[in-house]
Structures are given as structure tokens and as C-alpha cells.
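The next block holds one structure in the form of C-alpha cells; read it before the comments.
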Amino acid sequence: MSHVALVIPGLDRIGGAERQVILLAKGLRRRGWKVSVVALSGGGGDAAAELLAAGAGFMPLRMRKGLADPRGWIRFNRWLRRETPDVVHAHLPHAAWLARWSRLAAPVRVIVDTLHSSSTGTMGRKLGYRWSGWLVDRVTAVSQAAAVTHLSCSMVSQAKLIVLSNGVDGNFWRFDPTVREAVRLELGLDREFLWFAVGRLEPVKDYPTLLAAMAQVPEPARLMIAGAGPLQGELIQLAGKLGLEHRVRFLGFVPDVRRWMQATDGFVLSSRWEGLPMGLLEAAACGLPAVATCVPGTPEVILDGQTGWLTPAGDSSALGEFMTRMVRLPARERRAMGERARLFVMERFSLDTVLDRWEALYCRLLESNPRPMRWGHVD
């Protein structure tokens, strides 16, 4: 039984990358792989319990000062030498750098890391990827857009980069009229159009633009926002200034947003940049049409005019115009748009297909690297 270790900065706050790691861990475990998830910081919370229940291992490094914490490096290197995973698969920059440089002290057969965003970050991040590129066997990008931006900055070589998208479980994410009725009854809603947005309350999601757009959408439309973050106070104040205090509800962190997806009428995304947004994939799987900003990553999920609409980033007028257009669309046409969204996502991003691709990649790299190595290899 081959052993894959999935390395992630943390699982205490769940976003798109973290949800994908959990899905990958559980899916590989079902297929007979030995799986361990290593978190640089935090204790893992409910996610750790979910992984353990699925038969995967969980190892918290409890690093308190980011990569500057030497105890975390020591713990990780000891764990690598003791557990000897065949594949170390890192997600997000800090985990990627820990996995790459640890290879010098604790050689492993294969190291893979995944780019989850089209944003290339600071010069420090760019240099971090360039200087450690020789230590990784493959770099994957969740979207073509993420691949292009990192190639253009020379953060990864063309020879080592492939696109391998996120996956969504269509059996879990699907429309459920019973849940829809129950949630709307709980909210005291009847015929109101209900928008849903999900994501951390940070600048990248550009919620001020979404709130300004929502102010243009006529009554009785409502908006639910799931997510926590440092901008929550400012955003609640802004909603009040825009007269939206009774039309917008901030739900805070929601560990399971599926019931909200099943209860709403449309999904909205106002991000300034993305990689391959999990929220859009999950919304489409639930049969929700979407309005989203046309930033790298979103055109790979939305067929403009067929499964939703794309608008310029930062343009509240355009976003509000298309949100209003969606609200006024006849229910039959809106449902048809949502059905096309689900069909498209299931054809391109089904979890089983994505797991097949990960297994094929791991096996190919393991075949090329029969012994632990201190440096990367390109087959």
C-alpha cells in the first residue's frame, strides 16, 4: 500500500484549498492508499476528526511562528524519516516550501505541490518558488489561469508544470427541494429571491463591491454571506450605510454550506482573483446559476450566458445589473441555466475523474523514482 502525505498550512479555517485536501484524502483512502494529512499550524478541529473517522492519519506540527519555527521543521523531518511516505503532496506556499527544503534532510521518493491561486504574491513568494524549484518533482495548478500566471513569473518551469483541477462530489452537492423548503421556512422567506456568497471576509473577495451591487438589486431580493474574517465589522457597517441591514445577513463561518446552496436561487462571486473557485463548483453542482467577476479561473467554470454571467472585477454597476437580470429571469429559464451549470461541472470536474488523474500522476512519478531522493526528477 503506497503512502501519500498531504501537507497544508492548517485546517482550523476551511477554504477552497482545505476542502480539496480533505476530499483528496478521503477519496484516496477509499481507493486503498495510506493517507496522512500534515498541518503546519493549529490542531485541525472538526476537519481532523473527519479525516481520522475516514481512516486517514493527521499530524499537527503546531508551528507558532510560521516557517521560522525550527521545532516544526524538526518534527516534520522526524515524521518523514519515521513514516517514510512515498509521496509528499503540499498545498499552498508555506507547505510547499517546507516539503521541498525538508527533502535535503529527509529524502523522499516524490514531492508534488499544488498552486491554488492565480495570484503570484510578493517578490518573496516568487523567489521562494524559484530557489526551491529543483527540489520538487511536479507542480500542479488547479486551473489554466493559475498555471499561466506562475509560468509568466518564472516561478515554475514548463517541464514540471501540469494543470490538474479541483474536483467536486456530485453525489454530495445536489439540489434538494426538502432542504430548500425547510431553510426558507426557518428564515421566514416565501417568494423572495435569495442570493448566496461564500468566502473569507478579506480584500480578495471584494465584498464592498458586492454590497454596492446588492444595493442596486430591487426588493425583495436577499443576500446571505457565509464566511468570517477581519473585515466583518467594516462590512456590517457598510451594509448599514447602504440601507441593506434587513436585506443582507452575515452568517459567519459555516462549516457546511451545502444546505444554504440548496436553499438559495443564485450564487454570486465578487473576487478580485481566484484559482479555481470551489464555491462556484459546489454551487453549480447544486444547480445554481451564478454571477461572478471575470477573473482568472472563473471563466473555466462558468459558460458566460449559458450557466451564468461574468462581469468585470470591481465594477459594482455591472455586477448589480446582472444580479438584477438574474432575479428578473423567469424561474423556468433560471432553473434551466442551473441544470446546464451542473451538467458542465460534472463533465469537467467530477471528483472521481480528478481522483483518477491524481492516482495516475502519483503512480507515474513513483515508477520514475524507485528510491528516496534529495532532489527532484523529471521523467
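Couple of notes before you dig in:
- Listed residue (Ala47, Leu61, Ala145) projecting farthest to the positive dipole end of the chain, Cβ model: Leu61
- Beta bridges assigned by DSSP with both partners in the chain are antiparallel in approximately 5 percent of cases.
- Between Arg130 and Ile236, residue separation times 0.36 nm minus the direct Cα-Cα distance comes to 34.1 nm.
- Likely footprinting exposure, Trp101, Trp195, Trp375, fewest C-beta neighbours within 10 Å first: Trp375, Trp101, Trp195
- When the chain is treated as a Gaussian network with alpha carbon springs shorter than 10 Å, the biggest mean-square fluctuation among Gly279, Gly188, Gly43 belongs to Gly188.
- Restricting attention to segment 177-348, close to 5% of DSSP beta bridges with both partner residues there are antiparallel.
- Label assignment, Kirkwood radius over Cα pairs in Å derived from the structure, set (i) 21.5; (ii) 20.2; (iii) 22.3: (i)
- Cβ crowding within 10 Å, taken as a proxy for footprinting-reagent exposure, orders Leu98, Leu269, Leu151 from fewest neighbours to most as Leu151, Leu98, Leu269.
- Candidate lysines for bridging to Lys126, where Cα separation is under 30 Å - those fewer than 8 sequence places away on the same chain excluded: Lys65, Lys160, Lys205
- Relative contact order for the chain, counting Cα pairs under 8 Å that sit 6 or more residues apart, in percent: 17 percent
- Cα-projected label distance for Arg64 with Leu185, points at 7 Å along beta-carbon direction, nm: 5.0 nm
Here, each number is a calculation from the coordinates, and none is a lab measurement. Predicted, not measured: the structure shown is a model, and the values here were computed from it. Please note: Cβ atoms are built from the backbone with ideal geometry, for glycine as well, and neighbour counts cover all protein chains shown.
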